[in-house]
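Participant: First the structure, then my questions, so here it is.
FYI, it's all coordinate maths here, none of it is from the lab. Quick caveat: nothing in here was measured; it's all calculated off a predicted structure. All Cβ positions, even for glycine, are placed from backbone atoms using ideal geometry, and neighbour counts span all protein chains on display.
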Amino acid sequence: MIRKYIEEANFEDTGFSYTLSLISGKHKMVILYCLMEYETVRFNELKRYLKNISDKTLSANLKQLEADHLIVRTEYPQIPPKVEYSLSARGRSLMDVLDRLCVWGESNRE
């Protein structure tokens, strides 16, 4: 299937390439998986789940995921500020793909 895409069109124009562009990077898939698992999560909770990630990197990844409409950022007008992140409908639709990656990884681990 992938070979067909590469042969028929420019790779950048494929759905496969587009999907990879949304989830590429060291942390995006883990962030999405955490939001799937825990549903609504605050910034510091995500940071604890991801362990070794800087505030700047986590913030940048969250902004990219929000810009791509994969997550929803909900800000509550209170002091101290409260912000929660959750999967959007579009992000939830991607979870089947991530689940299949996990299943494949478990089945093919050496």
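Participant: Among the residues of region 76-102, what is the count of those that are part of a helix (DSSP H, G or I) and either acidic (D, E) or loosely packed, with under 10 Cβ neighbours inside 10 Å (or both)? Don't jump to the end; show me each part of the working.
Facilitator: We begin by selecting, within region 76-102, every residue part of a helix (DSSP H, G or I); these are 89-102.
Keeping just the survivors that are either acidic (D, E) or loosely packed, with under 10 Cβ neighbours inside 10 Å (or both) gives 89, 96, 99.
Qualifying residue count for the region: 3.
Participant: Then there's this: Restricting the first residue to region 36-64 and requiring it to be under 20 Å from L98 (Cβ atoms), which pairs with a second residue that is part of a helix (DSSP H, G or I) and among the basic types (K, R) meet a Cβ separation below 6 Å and a spacing of at least six or different chains?
Facilitator: L58/K47; N61/K28
Participant: Being under 13 Å from V30 (Cα atoms) and either of a type in the set (K, R) or in a strand (DSSP E or B) (or both) is the filter here; which residues of region 43-70 pass it?
Facilitator: Once the filter is applied, which keeps residues that are under 13 Å from V30 (Cα atoms) and either of a type in the set (K, R) or in a strand (DSSP E or B) (or both), region 43-70 yields K47, R48, K51.
Participant: Out of the residues in region 18-58 that are under 12 Å from the mean Cα position of the chain (by Cα) and among the basic types (K, R), state the one that is nearest to L70 (Cα to Cα).
Facilitator: K28
Participant: Can you confirm whether region 44-67 contains a residue that is loosely packed, with under 14 Cβ neighbours inside 10 Å, at negative phi and of a type in the set (F, W, Y)?
Facilitator: Residues of region 44-67 loosely packed, with under 14 Cβ neighbours inside 10 Å: 44, 48, 51-52, 54-56, 59-60, 63, 67.
Restricting the remaining residues to those that are at negative phi gives 44, 48, 52, 54-56, 59-60, 63, 67.
If we keep only those that are of a type in the set (F, W, Y) too, we end up with none.
No.
Participant: Whether any residue in region 4-12 is touching a Gly at 6+ places or on another chain (Cβ under 8 Å) and surrounded by 11 or more Cβ atoms within 10 Å (Cβ to Cβ) is what I want to check. Before the answer, list the steps.
Facilitator: Kept after step one, since they are touching a Gly at 6+ places or on another chain (Cβ under 8 Å), are these residues of region 4-12: 5.
Remaining after also requiring surrounded by 11 or more Cβ atoms within 10 Å (Cβ to Cβ): 5.
Checking region 4-12: at least one residue is touching a Gly at 6+ places or on another chain (Cβ under 8 Å) and surrounded by 11 or more Cβ atoms within 10 Å (Cβ to Cβ).
Participant: In region 16-35, what count of residues is obtained for those that are of a type in the set (A, V, I, L, M, F, W, C) and free of Cβ contacts under 8 Å to residues at least 60 places away in the same chain? Outline the logic, then answer.
Facilitator: At the first step, the residues of region 16-35 found to be of a type in the set (A, V, I, L, M, F, W, C) are 16, 20, 22-23, 29-32, 34-35.
Keeping just the survivors that are free of Cβ contacts under 8 Å to residues at least 60 places away in the same chain gives 16, 20, 30-31, 34-35.
So the count comes out to 6.
Participant: S93 - would you say it is closer than 19 Å to L22 by Cα and among the polar types (S, T, N, Q)?
Facilitator: The answer is yes for S93.
Participant: Say we look at region 65-90 and pick out the residues that are aliphatic (A, V, I, L, M) and out of contact with any helix residue (DSSP H, G or I) (no Cβ under 9 Å at 6 or more places or on another chain); which of these is nearest to I23 (Cα to Cα)?
Facilitator: Residue satisfying both the conditions and the ranking: A67.
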